[in-house]
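Structure first, commentary second.
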Amino acid sequence: MEFIDSLVLPQSSEHIELLHYMLMLVLFLFIPFISIIFGGTTLSLYFRKKGIDENNHIYLKFAKDIIEMLTINKSIGIILGIVPLLTAILVYAQLLHTAKVSVISYLTISFFLTIISIILIYTYRYSLSFKNIFDSIKDQDSNDPELKEEIKKFKKGNQSLSSKSGMYGHIFLFISLWIFIAAVTLATYTSDWGNENLFSLLFSWKVLSRFIHFIAAAFALTGGAILFGFFYWEGGRKNLSDDYKDFVRRISIRITLTASLFQPLFLLLNLFALPNEALSASVFGYSFLALFLLFLAYHYLYAMIKQSTSRFSGHVFYVLLFTLLALIIKDQLAMGNATVKQSVILNAQFVKYLAELKGTGEGAEKLSGEEIYQVRCSSCHAFDRRIVGPPHNEVVPKYEGKKEQLVAFIRNPIKVNPAYPPMPNPGLKPAEADAIATYLLDHFKKK
Ligand code: HEC
């Protein structure tokens with residue numbers, strides 16, 4: 001995305017480090033939320049279809065309950081699903097400034113797909129709520145046949161809107177997350193930079209195995225979030241029949257357990273697939289912390305199955321959430337390690353840029369004599385009047401045909417006229433002094 005890259009300035013190494021932390025923070029918001037949205041939509045669609053096919057009310061209720069619970073509300077969708085991703089793109093743009101790599105373009109594609117999918121998923125969510133309203137109207141048994149017909153039509157329209165928006169939202173989110181994972185993976189594999197191709201990247205083993213790991217983590221966290229929402233949050237849901245509660249508990253434990261059993265394998269596979277320069281003690285440290293937390297989650301889940309209780313619902317959710325955070329930290333550290341060279345380049349660019357601003361860098365040679373003069377001399381000098389120093393029209397003529405002397409003076413001023421204070425040494429390079437001298441000799445007015 002050249003457009004975004006052109007907005008970015010090179011950064012100092014301190015700033016780059018800060019950006020890495022900021023990125024982690026933003027991903028802490030985005031990844032858990034979008035994982036739960038993805039897992040929740042998948043499960044809701046699955047149970048809705050199963051409920052319709054088998055004409056089972058428990059499945060249908062579950063489909064509606066989980067999407068309502070997990071999507072929370074529209075503003076949360078924007079705050080956690082869209083804003084952090086946009087921020088992440090801007091941070092990546094700074095970190096990968098001037099690097100020839102398509103990470104930013106891929107993230108931008110993923111960003112637009114995410115917006116579309118979030119809109120569709122929230123449409124699905126609200127259309128399921130509408131369904132309840134229509135159902136309750138039916139219960140009141142209107143006597144007006146015309147109204148009845150009207151309601152039937154709306155109901156049908158709503159139903160098809162609901163299944164279509166849910167399905168498309170799910171597909172878009174799936175693709176968007178796949179591209180997202182591909183983009184952040186690419187950021188760590190610096191040796192691939194410059195000759196990447198989106199399709200071969202998407203189907204490369206390193207992206208696929210990370211994506212599978214992501215999906216497994218997403219379902220584990222979603223299962224945990226369902227347990228959390230039904231049985232822990234605000235003391236658990238009230239007014240639920242025991243049958244339904246039992247069903248929810250069993251099914252979410254099963255989902256959470258199955259999905260988290262997959263994780264260690266992929267965690268290790270992905271860890272060992274990382275390029276050497278991405279590895280460090282803390283990358284291993286956080287991987288093992290994630291593994292430890294996973295085993296803790298198994299322990300709680302096992303206790304819940306064994307005792308047929310929903311007691312550890314809160315624990316399971318928090319432990320899985322922290323697992324995900326540990327994995328995000330691990331990935332970001334790995335990226336930081338892998339892109340050290342890029343950071344050094346950026347820091348070097350930053351130093352050069354700063355030097356140009358100060359007028360001491362090599363880049364300054366490219367400036368014309370007049371430009372350097374404007375920055376370095378014009379505060380004290382003008383051609384036709386006295387400021388701090390004498391007017392050039394008075395003092396430069398004596399240097400006509402003696403440019404070397406003028407250059408020597410500019411580089412190393414000596415006391416000349418007792419009527420003026422001494423001129424401070426401007427500390428110019430020979431080429432710069434030469435350019436200014438040429439400019440002065442060309443521009444003073446001969447009397
Ligand atoms: C902080 C103020 C200040 C700045 C900045 C400054 N000058 Fe001066 N300049 C002076 C003063 C004061 C004198 C008079 C010194 C004297 O006569 O001893 C002077 C004298 C000169 C003279 C006359 C020397 C002579 O032989 O009489 C030239 C030429 C000159 N400056 C060029 C420059 C150029 C080119 C720059 C920018 C690189 C510059 N000055 C920046 C204050 C300044």
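The numbers here are math on the coordinates, done by the rules we state, and not lab data. Note that the structure is a prediction, hence the values are computed from the model and not measured. Because the Cβ atoms are built from the backbone with ideal geometry, glycine has one as well, and the counts that use them run over all protein chains shown.
In a GNM of the chain with a 10 Å cut-off on Cα contacts, which of ILE329, ILE151, ILE34 has the highest mean-square fluctuation?
Looking only at ILE329, ILE151, ILE34, the largest GNM fluctuation is found for ILE151.
Taking 0.36 nm per residue of separation and subtracting the Cα-Cα distance, what length does fully extending LYS74 through LYS164 add?
This chain segment gains 30.5 nm when fully extended.
Have a look at the range 140-203 and give its Rg and Dmax from the Cα atoms, expressed in angstrom.
Rg and Dmax of the range 140-203, Cα atoms, are 23.0, 72 Å.
Principal axis extents for the chain, Cα atoms only, whole Å, descending order, please.
That gives 106, 60, 42 Å along the principal axes, largest extent first.
Please tell me the relative contact order of the chain in percent, rounded to the nearest whole number, where contacts are Cα pairs under 8 Å and at least six residues apart.
Computed value for the chain: 16 percent relative contact order.
By how many nm would the segment from GLU150 to PHE247 lengthen if fully extended, with 0.36 nm per residue of separation less the alpha-carbon distance?
Extra length from GLU150 to PHE247 when fully extended: 31.3 nm.
Can you run phi through the Karplus equation (6.51, -1.76, 1.60; θ = phi - 60°) for the range 105-122 and list ³J(HN,Hα) in whole Hz, with x for Gly and Pro?
4, 5, 5, 5, 4, 4, 4, 5, 5, 5, 4, 4, 5, 5, 4, 5, 5, 5
Take every Cα-Cα distance within the range 366-443, group them into 10 Å bins from 0 onward, and report for each bin the whole-number percent of pairs it holds.
19, 60, 21, 0
By what distance, in whole Å, do the Cα atoms of the range 1-60 stretch along each of the three principal axes, largest value first?
62, 24, 8 Å, listed from the longest principal axis down.
Please report how far the C-alpha centroid of the range 31-87 lies from that of the range 376-417, rounded to the nearest whole angstrom.
75
Rg to Rh ratio, the range 230-335, alpha-carbon atoms and Kirkwood radius?
1.09
Take the range 34-89, drop everything but the C-alpha atoms, weight them equally and run the Debye formula without solvent; then report log10 I(q)/I(0) at 0.14, 0.18, 0.24, 0.28 Å⁻¹ to two decimals.
These q points yield log10 I(q)/I(0) values of -0.44, -0.61, -0.85, -1.00.
Using Cα-Cα distances under 8 Å and only pairs 6 or more residues apart, what relative contact order does the range 381-447 have, in percent?
34
When the label point is put 7 Å from the Cα of GLU14 along its Cα-to-beta-carbon vector, which residues of the range 309-351 have a backbone N closer than 20 Å?
Only 343-351 fall inside the zone, counting backbone N under 20 Å.
Just want to confirm a number: the relative contact order over the range 181-288, from Cα pairs under 8 angstrom separated by 6+ residues, in percent.
33
Go through 266-273, 22-29 and give me the packing order, highest mean Cβ count within 10 Å leading.
Going by the mean number of other Cβ atoms within 10 Å, highest first, we get 22-29, 266-273.
Put +1 on the Cβ of every Lys and Arg and -1 on every Asp and Glu Cβ in the chain; which of ALA63, SER204, ILE82 then has its Cα farthest towards the positive end of the dipole?
ALA63
Which order do the peptides 215-222, 258-265 take when ranked by the mean count of other beta-carbon atoms within 10 Å per residue, highest first?
Ranking the peptides 215-222, 258-265 by packing returns 215-222, 258-265.
Need the list of aspartates and glutamates near LYS50 for cross-linking: C-alpha distance under 17 angstrom, and skip anything on the same chain fewer than eight residues off.
Cross-link targets: ASP65.
Roughly how big is the range 2-350's charge dipole about its Cα centre, with Cβ charges of +1 (Lys, Arg) and -1 (Asp, Glu), in debye to the nearest 20?
Dipole of the range 2-350, to the nearest 20 debye: 800 debye.
Report the extension gain between LYS403 and GLN374 in nm, rounded to one decimal, defined as 0.36 nm multiplied by the number of residues separating them, less their alpha carbon distance.
The LYS403-GLN374 span can extend by a further 8.5 nm.
Relative to the first principal axis of the alpha-carbon coordinates of the chain, what is the inclination of helix 430-443, with its axis defined by its Cα atoms, in degrees from 0 to 90 and to the nearest 10?
So the helix axis and the longest Cα principal axis differ by about 60 degrees.
Could you give the spread of the C-alpha atoms of the range 16-138 along their three principal axes, from largest to smallest, in whole angstroms?
61, 23, 19
Which of LEU367, THR123, GLN307 sits farthest toward the positive end of the charge dipole of the chain, with +1 on the Cβ of Lys and Arg and -1 on the Cβ of Asp and Glu?
GLN307
Remind me, what semi-axes does the range 79-229 give for its equivalent ellipsoid, largest first in whole Å, using sqrt of 5 times each Cα gyration tensor eigenvalue?
Taking √(5λ) for each eigenvalue gives 42, 16, 13 Å, largest first.
Beta carbons within 10 angstrom, averaged per residue: use that to sort the peptides 35-41, 368-374, 73-79, highest first.
Highest mean packing first, the order is 35-41, 368-374, 73-79.
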